[in-house]
Each structure stands twice: as structure tokens, then as C-alpha cells.
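Working notes, beginning with the structure itself.
The values are calculated or read from the model by the stated rules, or taken from the named source; none is laboratory data. The structure presented is a predicted model; accordingly, all values stated were derived computationally and were not measured. All Cβ positions, even for glycine, are placed from backbone atoms using ideal geometry, and neighbour counts span all protein chains on display.
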Amino acid sequence: MENQYPHLLNPLVIRGHTLRNRIEFGPTLFAHAIFTIPEIRENVYRMVEDRAKGGAAIVSTGEICVNFEEGIAAFADHPVDYSETSGEDFEILAEYARRIKKHGAAALIEVCHEGAYANVKPPYSPWGPDAFIREDGQNVHSFDRKMMRKVCRDFRLFGSFAAAAGFDGVLLHGGHGFLLQQFVSPRTNHRTDRYGGSVKNRSRFPAMILKALRKGLGPDKIIELRFSATDGLNEPDALTIEDTMAFAREIDGLADIFHVSNGLKSRGNSTGTFSSHYDPHGLNADYAAKIRSVLKHTLVSVIGGINSPELGEEIISAGKADLIALGRQGFADPDFVSKTACGQADLIRRCVRCFHCYPGAAEHPSDVDWNERGLTPDVISRILSPASMGICSLNPDSGFGRVPYDHLPPVLKKNRILIIGGGPAGMQAAITSSKRGHEVTLIEKQEKLGGTVRLFAEADTLKKDYLDFLAVLEKETRASSRVITGFAASAEWISDFAADVTLIATGSRCMDPDRLAGAENLTDIRSAYSDKPSCKSVLILGGGLSACETAVFLADRGCRVTLLLRSRYLARDLFGSERNALLTQMEKRNIGLVFEAHFRAVDPGTVHCVFPGDIEQAFHADILYNAMGSRPEDSLYRDLILSGLKLYTIGDSSRPSGIADAIHGAYARAVSIGV
Ligand SMILES: Cc1cc2nc3c(=O)[nH]c(=O)nc-3n(C[C@H](O)[C@H](O)[C@H](O)COP(=O)(O)O)c2cc1C
Ligand code: SF4
């Protein structure tokens, strides 16, 4: 078989460690969460193990703090004594290395010190390059020589610990605004001593840390330094790519790999720590190329929105980096590398950058913190807990609270399963049921599989990744099940088929507005994608996800778009990074917003509204879209309720929601059959 990815799959040797290709899975869960939430421990191990089994060259743990004093990080409530190289804590961390190395990947443990933004608790205070009072009232102390020596000792000790635990190296998180970046960035370092001023001076303490880590780790282990190419801020003193290139020159050779990310954790996702589907893939690759151009002894790895082997090959063959690092893609498909290597790249579930696996914090100025949304502390801690993270919309076998395939209850009876509807839920149910040994027939009334997702993904170029996902689902479905398209199964036909289990996956439809006079003058929001209107002005009635996304879509096609919302709050179903990304795009396109509009009546081209204070106003546009919500399309289900069939709804025909619920719900239903 011809190797389509000669650069990506080309092995590499670092300090005697043969890396079998150029792909590493980056850190994606605070490593110490396995202490504080022991019930997710096995799943976190399994997650890194799956990535190693899937053929990656390097697999990293998530971050653990270098000390539990001034350098403590969030969720690090269980201090680990790094001078102990035996005992329970040691074995818990060493197990990461064993699981990863067992499958031929190099195992790195990520270590961090968040400097001025550490999550300190009394009696400790945070330490940073400058002294200042943080927004939360914490008094940040400026590092003196003694403090620097203490932190270097901590890194040295951590290095010895990591080596003793069997890791092949350490991934030092110096980026995302953590300690090392705080020293290098002129925005956070205003020192006038030999650790401030020139880039040479600003690099001095980071270089000391790297040397200390090397001393502890020994000469034959790998050091990878994670760093941000820029602060990601449009502020005059923010870290620039030129600063980072100069820093890279200063520390050349002290790390084996310079891992290029971007932005600041403390300033949120809009500084580029994560990308959304509105951003290009591989958005840090050009930064990596610049950094690589000044390095002679240190290799370069790059992370950020890489979800395909084609892009990985392009980056490495163009000399922009020596390795690529995958973050969220590890949740979407841990078999990324093995599929790439054995000619099955078309079966990779490619991350669509939807943020379901990692909500992020309230970031858009109009977002409301979980606490202010009226949620109980219990619910909030569940949502923000590491145990709720890592659940990928596209991969039902993901998430730190998951039940993996190899732990599912055995199938006791093989069933004949009929699935009506070939959207994501129907296809996922078919794939999982077939994998479990059932005999599956899937019927779709359209000629093509994919349901509503196909509608918007085909029309909207920003959603191309969803088309790739549908293609994977379709291939897996056709390979495992009998598929009939272009056939609308009637209730009689389904009854006569008499399957052991019938799953109705017929999707959803637009909600009919209750008692709204003239509602027939509204057009279903979904037809924006099929009709591709060339009109000038559009009014969208509604303010949820589909209203907002369609507004962006139509604005990009030259329409002047205004949203009329009943609520005072836009996109209330969204939170954190996803919401911030979407609302920022709406602002860029000048989408009009009218809040607290109560719809009184609709005429052709006109919506009559009443506002608080009984103020009446009419709005006019070429097209009026109804985006007031969806309801299950479950008429077949209702027609069959008395048929005696064993019948379930899945996906939107059960409860209209996002793709994650469709995939995970369909999977859960499929694994419950025949047990
Ligand atoms: C659930 C989740 C947990 C993460 N945990 C860490 C972590 O422990 N340490 C870290 O440096 N980055 C962490 N990240 C960030 C990723 O390493 C990576 O920088 C980010 O996902 C962007 O890369 P991507 O576009 O390939 O996903 C996490 C990301 C996710 C989605
Ligand atoms: S949940 Fe979304 S962002 Fe996270 S890995 Fe899956 S597709 Fe990517």
C-alpha cells in the first residue's frame, strides 16, 4: 500500500527514544483529577492507553502542579509528595506511564506552575514576575532569588520523580499565560533586574527552570516545552511572535521539543487557546514555522485545530513543524494514527470543534455565569467537574465517566432491528447495534443519509467537518447494516416487517407558534439552507443556537439579518467558549438584535410586536424565518404505539437537541438491546 503520509509517518529519534511517527496526543485532562475524583481514574488511564494503542508516537498526561504550595492548580486538592518514589501516590501516577508505554508510545507527564494566576489557598500567596493585587484580591508576590531557587528545586525534584515513575519525559506547560510565559511576556514582566527588560533577561528564569528539570530528569529523557506563540491580545505590550522567537533562540537546546500553542488561560478562549469551527484548522502552524526557523537544536511540535492527516502531512512536509500535536481530536478518535497508517483515514471521526468536551468559562460579556443562572452548587460542580469533560459529541465511547465498549453487558439474544431514519442518531444506532451482533435494517426516505445535519453542512462551508463526520457514519453504517434509501416506510410496512426492536429516528420539525395570527407567513428556518435565499433583508424570530448560526450563514450570503427575541438573553442554551465564538461572529457581521419582542401577528413581510410598556412596533423584511424551537417528528411513533411492536424513539424524534445527544442517546439505546 502506498504511504500517503510519508512525512507524518516518518519515525524520529530523540535522546535514544524512537518515536514511531510524528503524531503526539497532547494533554487533555488535569492529571491530578485522578486523585480527587478516584471514580474517573480508570477511564482517564484508559483514555491515554487508547491513544497509545491507536498508534501515537507520544502520549501526554494532563497537567499536574510542580508543587502544592504557591504553585497549586485547580482541582489539585490532593498534594503529592514528589520525594516519595514508592507508595500509593507514586504508583497511581506511574500507572499512566505503564499504560502508555505498553503500546509502544513514549509517555510524557505534564507539569505546570501557573505563577501569578495559581489557584492558591491560605497560607500561600501566588508568585509572579511582578507584584500586584489580582482581581480576586490575592496579593501576588514578586519572585526574588530565594523563591526562584525554591521553584527550580521543585522542578528538579519533579524531574527525578517522573523518571523514577517510568515516564520517557516531561511536558512542561510554560504557555497559556503560565509562569514561564509570564516571565517572557512584556505585559506581565516589568522587572528592572536581570530577569526583566531584554528578552535575554526575561528568558533567564525560564532557562533556569528548564536546566533544573533536566538535572532531575537525567540526560536520556525528553523535555517538551509547551509555550504560547503570542499572548493572543491586541494590547501594545502583549507577547508577540517576535518575542517568542527571540525566547526560543535563548533556550535552544534546553528543551528537546518546543510545543507551539497560543493565548492565555486567564483571558479565556478568545486569546486562541482553543479554536472553533469559525477558525482555520492548524491555526498555529505559521507561528510554529517562525519559531522553528530560529531553532538549531530543539524540534518543534504544533497544536491547534488539527483534525486530519492531510493537514498534518502538509505542516510537516512544508517544514513548519517536526511533529503535530492533537488535543480534542484525541476524544473524537483515539485511533487517528492507526487509521492514517492503514489506509483508513476516511474513517477518522474528525473533531468538529464544537466544545462539547470542554465548555470553558463564561467569556462573552453578555454571558451569565453558572452561579447566576439559578443552578444549584451541586449541578454547577457536576457541569464543571473534570468528570463531565472529555465527552465528545461524535464519539460515544468517550468521556471520563464512560462505560467503554469492552465493559458493556453481553448481548444474550441477537435481535432483528429496524431503524427508521438515517440521520446521525439512526446511523449511530445502526453501527452500535451491528457491532453488538444484531441484524440491522435502516430505512431513510431521502436519497441521501444524514438528515438535517446534511442540509446545513452541505450549504454552509464553515460546517464542512460535519459533512466529513456524516461520511464516516455512512461508511460505517453501510459496512455493517442493510441500508435502504429513498423509501418512506409507512406504519403498515413497519408493522409487517415485525422487527424485534424498532427505532424511530425521524428527527424534528419546526415548532408551530401557538395562537400567532398569520403564522403561515413564516418560513421554517431550515429552508434557509435548502433555498439559499438571495434576498436583501431577513428577520429571524428566535434567539437560540439555530437562529444565531443561521444569522451568521445568511449574513455571509449578503443578507441584512435581524433577530427578534422574546427573551432578554441571546443564545441562552449555550455557555462558555461555544457561545463566545458564535456571538463574536455575530458581532463581526453586525447582526441586528431586538430583545423582549412579543409577537402579536404576522403579515407577509411584516411582524407586529409589542414591547414592555405596551409599545407597538412593526418590523419588515423580505423573508421572515421561524426559529422559535423544534418539536419531535414522532408521528410514525404515535401511529405505531398500539401495534404491539417493541418501539423506541431516538435522536431528535425523542427530544430535539444537539448532535452530541443524538449520538450518545442512540448509542445508549443500542447497547441496551438484547441484554
Ligand atoms: C477536556 C480538555 C482538557 C484539557 N486539559 C488540558 C491540560 O490538562 N493541560 C493542558 O496543557 N491543556 C489541556 N487542554 C488543552 C489541549 O491540550 C489543547 O491545547 C486544546 O484542546 C487545543 O488543541 P486542539 O485544537 O487540538 O483541541 C485540554 C483540552 C480539553 C478539550
Ligand atoms: S466534543 Fe466537539 S470539540 Fe470536543 S472533541 Fe468532540 S467534536 Fe471536538
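Numerical summary
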item	result
Test: residue in segment 389-406 that is in contact (Cβ under 8 Å) with a residue 60 or more places away in the chain, hydrophobic (A, V, I, L, M, F, W, C) and not in a loop (DSSP other than H, G, I, E, B)	no
Segment 259-294, residues that are more than 12 Å from ILE315 (Cβ to Cβ) and acidic (Asp, Glu)	ASP279
Residue in segment 244-256 that is within 16 Å of SER301 (Cα to Cα) and touching an Asp or Glu at 6+ places or on another chain (Cβ under 8 Å) present	yes
Wholly enclosed strands (runs of 3 or more DSSP E) of segment 474-554 bearing at least 3 residues within 23 Å of ARG600 (Cα to Cα)	537-541
Condition check for ASP237: crowded, with 17+ Cβ neighbours inside 10 Å and either touching a Lys or Arg at 6+ places or on another chain (Cβ under 8 Å) or under 21 Å from PHE90 (Cα atoms) (or both)	no
Condition met for ALA387 (within 16 Å of ligand 1 (Cβ to nearest atom), surrounded by fewer than 17 Cβ atoms within 10 Å (Cβ to Cβ) and aliphatic (A, V, I, L, M))	no
Matching entry among ILE209, ILE303, ILE222 (being surrounded by fewer than 24 Cβ atoms within 10 Å (Cβ to Cβ) and among the β-branched types (Val, Ile, Thr))	ILE222
Options GLY71, GLY159: the member that is assigned to a loop (DSSP other than H, G, I, E, B) and either surrounded by fewer than 19 Cβ atoms within 10 Å (Cβ to Cβ) or in contact (Cβ under 8 Å) with a residue 40 or more places away in the chain (or both)	GLY71
Some residue of segment 17-24 being exposed (fewer than 15 other Cβ atoms within 10 Å of the Cβ), within 25 Å of ASN307 (Cα to Cα) and more than 16 Å from ligand 2 (Cβ to nearest atom)	yes
Neighbours by Cβ (under 9 Å, 6+ apart or cross-chain): first from segment 164-189, on the phi > 0 side of the Ramachandran plot and in the same structural domain as ASP130 (by TED's automatic domain parsing); second part of a loop (DSSP other than H, G, I, E, B) and within 16 Å of ligand 2 (Cβ to nearest atom)	HIS176/THR273; GLY177/THR273
Qualifying positions in segment 321-347 - within 12 Å of ligand 2 (Cβ to nearest atom) and part of a loop (DSSP other than H, G, I, E, B)	GLY327, ARG328, ASP333, PRO334
Residue ID - surrounded by the fewest Cβ atoms within 10 Å (Cβ to Cβ), chosen from residues in segment 394-425 that are of a type outside the set (A, V, I, L, M) and within 16 Å of ligand 1 (Cβ to nearest atom)	GLY401
Count - residues of segment 42-57 that are over 10 Å from PHE25 (Cα atoms) and part of a helix (DSSP H, G or I)	9
Tally of residues being more than 30 Å from ASN307 (Cβ to Cβ), among the charged types (D, E, K, R) and loosely packed, with under 14 Cβ neighbours inside 10 Å across segment 371-384	2
Residue that is outside the structural domain of ALA498 (by TED's automatic domain parsing) and over 22 Å from the mean Cα position of the chain (by Cα), where the choices are GLY374, GLY437, GLY422	GLY374
Residues within segment 100-134 that are in contact with a helix residue (DSSP H, G or I) (Cβ under 9 Å, 6 or more places away or on another chain), assigned to a loop (DSSP other than H, G, I, E, B) and more than 27 Å from ARG194 (Cα to Cα), tallied	4
